[in-house]
1. As a footprinting exposure proxy, order Leu73, Leu62, Leu121 by other Cβ within 10 Å, with the fewest listed first.
2. What size of dipole, in debye to the nearest 20, comes out for region 38-87 about its Cα centre when the only charges are +1 on Lys and Arg C-beta atoms and -1 on Asp and Glu C-beta atoms?
3. Given that compact globular proteins tend to follow 2.2 N^0.38 Å, what is the ratio of the alpha-carbon Rg of region 49-114 to that value?
4. Among Met57, Met97, what is the fewest-to-most ranking by other Cβ atoms within 10 Å?
5. Have a look at Asn207, Asn143, Ser107 and report the one farthest towards the positive end of the charge dipole of the chain, computed about the Cα centre with Cβ charges (Lys/Arg +1, Asp/Glu -1).
6. From Cα pairs below 8 angstrom and at least 6 apart in sequence, can you work out the relative contact order of region 8-163, rounded to a whole percent?
7. Starting with the fewest neighbours, write out Phe36, Phe212 ranked by other beta-carbon atoms found within 10 Å of each beta-carbon.
Amino acid sequence: MSEQIPKTIFDASLSDEVVNEWYVSKKAATNIFEFFQKNPLFLWSDIHNCEDRAEAMAILLLHWGIPHYKAWLFDSYFLKKEVGTLHNKWNYHVCLMIPVKEEGNDSLDYYVIDPAHSSTLQKMSSWANVLTKDAFSYHIIKNGYAYIFPTGQITQQNWHFRNKQNFKWTIQGLAGINGVSNSGKAAVTFKKYLVRRTLKQFTELKNTRPVFEI
C-alpha cells in the first residue's frame, strides 16, 4: 500500500508554544474523546459552529485541569492567497487537541478530538490531511483560550481571546445557532429558551468533572 501524500503544512510561525511537561496518556486522551463523542450537548452532526464546540471543550478541560490546545486548519488561499482548498468549501476548521506522551517516548504526540469527522482519535497531521481537498492547507497549534482569528491579516499574536461576548456565541453555537450571522441573530431572538437550556446543561457539565485516567 502506498503512503498517503501529505497535503498539509504545519506553520510554526503562527503557532503558540507548547509546554513539554503538559500532557496526558493515550488512554486518557481516548477516554476524553469518547466522553465528548457520546455527550448529547455536542451536536457532531452539525458541520458548522466548530469554533464554538472547540471553545466549549477548552473551557471544560481548563476547569477540570486537563491539558489541551486547539488545532486550526486553513484553506491556503484564505490564509496566504496560495492554491489549496479544504473539504466542505471551508476557509478554516478547528477542534480541540490533546497533548499525549506515552511511557518511554521522549516526544509529545498531538491528537485531535473531532467526532464530526472521525470515530476515533486522530493525530493532528492526519486530521489536517484528511480534511484538505487540494494541496496545500496549513495547520497550526493555538492555546485553548484563543477563540478566533481577526479579520484581515492573521499573525501569531493578534488573535481574539476568550471573553464574555464570545462565550455567548459559544453557547449559541452549542445550541446549533450561529449567533454572528444575520439568520443566527434572528434565531437567538426566537429561540432564547434553547440558549438558556444549553447554558444550563453546559454549566452542570462543567461542575461535574468526569473521572479520566490522566
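Each value in this text was obtained by applying a stated rule to the coordinates, not by laboratory testing. Only a predicted model underlies this, so the values are computations on that prediction, with no experimental measurement involved. In this analysis, Cβ positions are derived from the backbone assuming ideal geometry, glycine residues included, and neighbour counts consider all displayed protein chains.
1. If I rank by nearby Cβ atoms, fewest first, I get Leu62, Leu121, Leu73.
2. It works out to roughly 120 debye.
3. Dividing the Cα radius of gyration by 2.2 N^0.38 Å gives 1.34.
4. Starting with the residue having the fewest Cβ neighbours, the order is Met57, Met97.
5. Going by the Cα projections, it comes out as Asn207.
6. 33
7. The fewest-first ordering by Cβ neighbours comes to Phe212, Phe36.
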